[in-house]
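The values are calculated or read from the model by the stated rules, or taken from the named source; none is laboratory data. Owing to the predicted nature of the structure, the values given are computational and were not obtained by experimental measurement. In this analysis, Cβ positions are derived from the backbone assuming ideal geometry, glycine residues included, and neighbour counts consider all displayed protein chains.
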Amino acid sequence: MDKKGLLVYGCYGYTGELISEHAVKSGLRPTLAGRDEVRVKQMADKLGLPYLVFGLDDVAAVANNIAPFKVVLHCAGPFKYTSNIMVNACLKSGTHYLDITGEYQVFEDVFKRDADAAKAKILLMAGVGFDVVPSDCLALYLKEQMPNAEFLELALVQKGGRISHGTAITVAENVNGGCMVRQQGKLVKEKSGYNTRTIDIGDKQPRTGVAISWGDISTAYRSTRIPNITVYNVVPKKVIDSMKLSNYIGFILDWKPVKNYIIKQIKQRPAGPNAEQRQKAQTFVWGEVRNPLGATKQAVLQLPEGYTLTALTGVEIAKRILTQEPPHGARTPSQVFGAEFITMFEGVKRTDLN
């Protein structure tokens, strides 16, 4: 079968909508898809695009629906529930797989399918948005500056904006009183809220970052082979205090009736930042590598707002795969496109700090 075109699955979610709109602005005519016919049709009619309606319940049925397409950009999370069936369908249909997850568990599962993807002659690339394109590119850049680095620390700094329903629900789904880091090549669980460090992105305004289970504990390890990786998020002290509390009440937050209540409350909030908020917000990714002698190198990326960046990077990666056959197997963004890939986007600036 002569495969052509892009399918955006989960087109009517907050980020899926941004990606669909930007794809059209970039000259693509993707087919839109999702399980809710009313919402898929509304989005397709709005953008003048074709659409398909199908759920993620049966691998064979999903494979039949995606078989005509060269690339699927999967935007329907939480991905720990949805990615596996879409990956299996892509392997069955010979369709390249992209998604916008930040969940380390999903990255780990996708990397386990490397040999399967190579055999099927497809690319599996999770995390083609803000999770994890900028941090993955920064990690590889720092590794190239210090080839003998054994420690990598990354940090996320947000100025303005708010998180989407999908992101908030993913957080709620993963509140279980623990934080993952990588030590000597292994994933290790620590208590939430206790691993902190000072982050200075170059503006001489030190901030406190707290370790989080970010996707780079999986992806940056594949990209750099640095054995010790921690990712921090700069948040208010009250959030850090809540993270510490989750170590002791995580089992309550993980109880289905409580989790369902939290998710219901999330859905009553705005779907995500509006256009003005996205325009004003800024995001930074800071990174540091350290070698066995204690020498360090630091750099920081100044970026557009995270959801805006996800649309930019996700669509660009899809366009590249549509125009040139990618390497086959499970890969990270920087493994395929290099450390400089993130610097091509408007509003991105990388600065060496030491």
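State yes or no: is Gly94 on the phi > 0 side of the Ramachandran plot, surrounded by fewer than 23 Cβ atoms within 10 Å (Cβ to Cβ) and not hydroxyl-bearing (Ser, Thr, Tyr)?
Numbers: on the phi > 0 side of the Ramachandran plot: yes; surrounded by fewer than 23 Cβ atoms within 10 Å (Cβ to Cβ): yes; not hydroxyl-bearing (Ser, Thr, Tyr): yes.
When the stated conditions are applied, Gly94 passes them.
Tell me, please, whether a residue that is at pLDDT below 60 and either among the aromatic types (Phe, Trp, Tyr) or under 26 Å from Val133 (Cα atoms) (or both) can be found in segment 239-260. Yes, there is a match, as at least one residue in segment 239-260 is at pLDDT below 60 and either among the aromatic types (Phe, Trp, Tyr) or under 26 Å from Val133 (Cα atoms) (or both).
So which of Ala23, Ala67, Ala44, Ala76 ends up being out of contact with any Leu (no Cβ under 8 Å at 6 or more places or on another chain) and among the hydrophobic types (A, V, I, L, M, F, W, C)? Break it down stepwise before answering.
Working: Ala23 fails: out of contact with any Leu (no Cβ under 8 Å at 6 or more places or on another chain); Ala44 fails: out of contact with any Leu (no Cβ under 8 Å at 6 or more places or on another chain); Ala76 fails: out of contact with any Leu (no Cβ under 8 Å at 6 or more places or on another chain).
Ala67 is the lone residue from the list that is out of contact with any Leu (no Cβ under 8 Å at 6 or more places or on another chain) and among the hydrophobic types (A, V, I, L, M, F, W, C).
From Thr343, Thr283, Thr332, grab the single residue that is in contact with an Asp or Glu (Cβ under 8 Å, 6 or more places away or on another chain) and modelled with pLDDT of 95 or more.
Details: Thr343 fails: in contact with an Asp or Glu (Cβ under 8 Å, 6 or more places away or on another chain); Thr283 fails: modelled with pLDDT of 95 or more.
Exactly one of Thr343, Thr283, Thr332 is in contact with an Asp or Glu (Cβ under 8 Å, 6 or more places away or on another chain) and modelled with pLDDT of 95 or more, namely Thr332.
What residue, among those in segment 80-124 that are acidic (Asp, Glu) and in a helix (DSSP H, G or I), is nearest to Tyr221 (Cα to Cα)?
Of segment 80-124, the ones acidic (Asp, Glu) are 99, 103, 108-109, 114, 116.
If we keep only those that are in a helix (DSSP H, G or I) as well, we get 108-109, 114, 116.
Values: Glu108: 11, Asp109: 14, Asp114: 15, Asp116: 20 Å.
This residue is Glu108.
For the subset of segment 67-81 comprising residues that are of a type outside the set (A, V, I, L, M) and under 19 Å from the mean Cα position of the chain (by Cα), which member is surrounded by the fewest Cβ atoms within 10 Å (Cβ to Cβ)?
It comes out as Tyr81.
Could you please let me know if Gly209 is surrounded by fewer than 21 Cβ atoms within 10 Å (Cβ to Cβ) and either at pLDDT below 95 or under 26 Å from Lys112 (Cβ atoms) (or both)? Judged against the criteria, Gly209 is not a match. Given Gln158, Gln145, which one is surrounded by fewer than 23 Cβ atoms within 10 Å (Cβ to Cβ), at pLDDT 95 or above, more than 16 Å from Asp216 (Cα to Cα) and not charged (D, E, K, R)? It is Gln145.
Out of segment 10-66, which residues are at pLDDT below 95 and assigned to a helix (DSSP H, G or I)? Correct list: Tyr14, Thr15.
Picking from Asn64, Asn84, which residue would you name as being surrounded by fewer than 18 Cβ atoms within 10 Å (Cβ to Cβ), in the same structural domain as Ala23 (by TED's automatic domain parsing) and closer than 27 Å to Asn233 by Cβ?
Asn84
Note on segment 175-196: among residues that are among the basic types (Lys, Arg) and loosely packed, with under 15 Cβ neighbours inside 10 Å, the one that is nearest to Leu156 (Cα to Cα) is Lys189.
Yes or no: Glu316 within 18 Å of the chain's Cα centre (by Cα), at pLDDT 95 or above, among the charged types (D, E, K, R) and not in a strand (DSSP E or B)?
Details: within 18 Å of the chain's Cα centre (by Cα): yes; at pLDDT 95 or above: yes; among the charged types (D, E, K, R): yes; not in a strand (DSSP E or B): yes.
Yes, satisfied.
Taking every residue in segment 335-349 that is on the phi > 0 side of the Ramachandran plot and in contact (Cβ under 8 Å) with a residue 40 or more places away in the chain and pairing it with any residue that is surrounded by 14 or more Cβ atoms within 10 Å (Cβ to Cβ) and not aromatic (Phe, Trp, Tyr), at least 6 positions away or on another chain, the pairs with Cβ-Cβ distances below 6 Å are Gly347/Pro304. Answer yes if at least one residue in segment 299-322 is without any contact (Cβ under 8 Å) to a residue 40 or more places away in the chain and farther than 16 Å from Gly127 by Cβ, and no otherwise. No, there is no match, as no residue in segment 299-322 is without any contact (Cβ under 8 Å) to a residue 40 or more places away in the chain and farther than 16 Å from Gly127 by Cβ.
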